[in-house]
Structure formats: structure tokens, C-alpha cells
1. Given the criteria in a helix (DSSP H, G or I), touching a residue at least 12 places away in the same chain (Cβ under 8 Å), within 17 Å of residue 55 (Cα to Cα) and assigned by TED's automatic domain parsing to the domain that holds residue 70, does residue 94 qualify?
2. What are the residues in the stretch 113-126 that are in a helix (DSSP H, G or I) and without any contact (Cβ under 8 Å) to a residue 60 or more places away in the chain, if any?
3. Quick check: is even one residue across the stretch 43-53 closer than 19 Å to residue 93 by Cβ, assigned by TED's automatic domain parsing to the domain that holds residue 111, surrounded by 10 or more Cβ atoms within 10 Å (Cβ to Cβ) and free of Cβ contacts under 8 Å to residues at least 24 places away in the same chain?
4. Which of the residues spanning the stretch 97-112 are under 11 Å from the mean Cα position of the chain (by Cα) and assigned to a helix (DSSP H, G or I)?
5. Report the residue count in the stretch 127-137 for those that are surrounded by 12 or more Cβ atoms within 10 Å (Cβ to Cβ) and either assigned to a loop (DSSP other than H, G, I, E, B) or at pLDDT 90 or above (or both).
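The values are calculated or read from the model by the stated rules, or taken from the named source; none is laboratory data. All figures in this text were calculated on a predicted structure; none of them were measured in a lab. Backbone-built Cβ (ideal geometry, glycine too); neighbour counts: all protein chains shown.
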């Protein structure tokens, strides 16, 4: 009878260990382990430059950027479907994630990036800005 109790106790322990492993694997897939290995070092970063994030916008970038900026998977972010509508515009996507209440990091350089993009696209605005800069200098 003692052997049976020991065997049943061992089975219970092994079952509990298996349940704990499954739970841990589920939690790990939500965090840093869901990122590709080459981006895992960025997970603990608390401030990003907008240029760093724009460089990462290749192929299917949405999940990676969401994990880096909000530190949770896209399924856990409220109103992610609204943000996901702008998947073809990475700059808007990153900015919406950065101003989202669940955002855990700061994104710097948004205004500078916007102005530089605007000036690159409009030659007359660029000339006007250059004249102002020369006069102030």
C-alpha cells in the first residue's frame, strides 16, 4: 500500500510540474520570447528614437514593434484593430502605439522626423526653411 501511495504521489507531482511548464510556456510566448533572437536585446529598452523603430519596419513588423513599445502582444492591447488599420504607414503605426495608454516606452524625435520628411517632399518649404535658418544663424 505504501508503494501505491508513493507512486500516486509521484504521478501527482509530475502532473503538477507539467501543468506549471505549460503555464510558463504560455507566459513566455507573450513576452520577450515572442521576439526574434536578434531583437531580444531591445526588449528592456525604455526609450527609442523614431529612426530606430522605422528601421525595424520591414516585412511584417507589427508584432515586433508592439512587443517593443507596449511590452505585450497585440491581442492584449485595447483598440489594436484601430491602430492596425495603419499597417501600410509605419510612421503613423509607431506614433499611435507610442501615444497609446498601454505604452511602456518613450519614443523620441517624432517631430524632427515629421519635419524632415515634410521638407524632403516639398522643395519650396525646404528653401523657405533654409532661408530662415541662414538668417537666424
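1. yes
2. Result: 114, 115, 116, 117, 118, 119, 120, 121, 123, 124, 125, 126.
3. yes
4. Within the stretch 97-112, 97, 98 meet the criteria.
5. Counting residues in the stretch 127-137 that are surrounded by 12 or more Cβ atoms within 10 Å (Cβ to Cβ) and either assigned to a loop (DSSP other than H, G, I, E, B) or at pLDDT 90 or above (or both) gives 1.
The rows are residues; the columns are (1) at negative phi; (2) loosely packed, with under 14 Cβ neighbours inside 10 Å.
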| position | (1), (2) |
| --- | --- |
| 62 | yes, no |
| 69 | yes, no |
| 75 | yes, yes |
| 79 | no, yes |
| 85 | yes, yes |
| 94 | yes, no |
| 114 | yes, yes |
| 118 | yes, yes |
| 123 | yes, yes |
